[in-house]
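The values are calculated or read from the model by the stated rules, or taken from the named source; none is laboratory data. The structure presented is a predicted model; accordingly, all values stated were derived computationally and were not measured. Every residue, glycine as well, gets a Cβ built from its backbone with ideal geometry; the counts of neighbours run over all protein chains shown. These area figures cover heavy atoms from the full protein model, side chains too; ligands, DNA and RNA do not enter into them. Shrake-Rupley method; radii C 1.70, N 1.55, O 1.52, S 1.80 Å.
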Amino acid sequence: MKKHTQNIAFFASGNGSNAQNIVEYFKDRPEFTPSLILTNKADAYVIQRAESLAIPCITFSASELRNTNRILEILESHAIDFIVLAGFLLRVPSNIIQAFPNKIINIHPALLPKFGGKGMYGDHVHKAVKEAQEKETGITIHYVNEHYDEGQIIFQEKVPVLPTDSPDDIAEKVHALEYEHFPKVIDRLLFLV
Ligand code: GRF
């Protein structure tokens, strides 16, 4: 039986539009508490979003994440139940993965296992899709394990790529899919299963 209220932590390295979109989707749902936003970039736009959403935001360095228990302790002290990676560029270390088995998910802006792995993020993905002359791309939402983009796939959705699409056009289509599906998949995982 799932606990009724779920305390959620978001990890984001950049813009944070997915994190904001998810928070807004759940805004009238008291069982979903966006407890924390964590970022490894001191100048990430997600910090401003956190402020305007009135969600506590914590900044940390890559080495703190890798070599200390600070982040794990923060997650535990906020009684975090579930972690959403939304544009987070660092590998999640095993101390956190082991403490949150099947409780960490990521969204990848392509159809894994294609166009995944280290260095495959943001525009790099959409340029690679264009260069490979793919006829379709999409999103993958998956559980997170110790390897980039390799955890069990939860959900995928496709969108056609036209020969005339630029990488920016592809990015726009993929973002639209992310905004539509990421909150719903989280809703299903947390409350409907
Ligand atoms: C998204 O495209 C997501 O799939 C990828 O990073 C991007 C983050 O965008 N993992 P934003 O920071 O949520 O705007």
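Before moving on, here are some points about what is shown:
- Taken over the range 18-33, the criterion of being within 14 Å of the ligand (Cβ to nearest atom) and not small (Gly, Ala, Ser) is satisfied by Asn18, Gln20, Asn21, Ile22, Val23, Glu24, Tyr25.
- Considering residues of the range 147-175 that are modelled with pLDDT of 95 or more and among the hydroxyl-bearing types (Ser, Thr, Tyr) only, the residue most open to solvent (accessible area, probe 1.4 Å): Thr164
- Beta carbons closer than 8 Å, at least 6 apart along the sequence or on distinct chains, pair a first residue in the range 43-58 that is without any contact (Cβ under 8 Å) to a residue 60 or more places away in the chain and more than 13 Å from Ala12 (Cβ to Cβ) with a second that is among the aliphatic types (A, V, I, L, M) and within 14 Å of the ligand (Cβ to nearest atom) for Pro56/Ile37; Pro56/Ala50.
- Each residue in the range 34-70 was checked for being open to solvent by 20 Å² or more (accessible area, probe 1.4 Å), within 19 Å of Tyr179 (Cβ to Cβ), away from the ligand (no atom under 13 Å from the Cβ) and under 17 Å from the mean Cα position of the chain (by Cα), and 1 pass.
- So Asn15, is it modelled with pLDDT of 95 or more and within 16 Å of the ligand (Cβ to nearest atom): yes
- Meets criteria (under 17 Å from the mean Cα position of the chain (by Cα) and either open to solvent by 30 Å² or more (accessible area, probe 1.4 Å) or within 15 Å of the ligand (Cβ to nearest atom) (or both)) for Ala110: yes
- Cβ separations smaller than 8 Å between residues 6+ apart or across chains give the following pairs from the range 91-109 residues that are part of a strand (DSSP E or B) to residues that are of a type in the set (Asp, Glu) and open to solvent by less than 80 Å² (accessible area, probe 1.4 Å): Asn106/Asp149; Ile107/Glu178; His108/Asp149.
- Matching option when the condition is over 12 Å from Ile107 (Cα atoms) and assigned to a helix (DSSP H, G or I), among Val159, Val129: Val129
- The selection criterion, being open to solvent by 80 Å² or more (accessible area, probe 1.4 Å), touching a residue at least 12 places away in the same chain (Cβ under 8 Å) and in contact with a strand residue (DSSP E or B) (Cβ under 7 Å, 6 or more places away or on another chain), does not hold for Lys118.
- Of all residues in the range 1-12, exactly one satisfies the criterion of being within 13 Å of the ligand (Cβ to nearest atom) and either in a loop (DSSP other than H, G, I, E, B) or open to solvent by 40 Å² or more (accessible area, probe 1.4 Å) (or both), namely Ala12.
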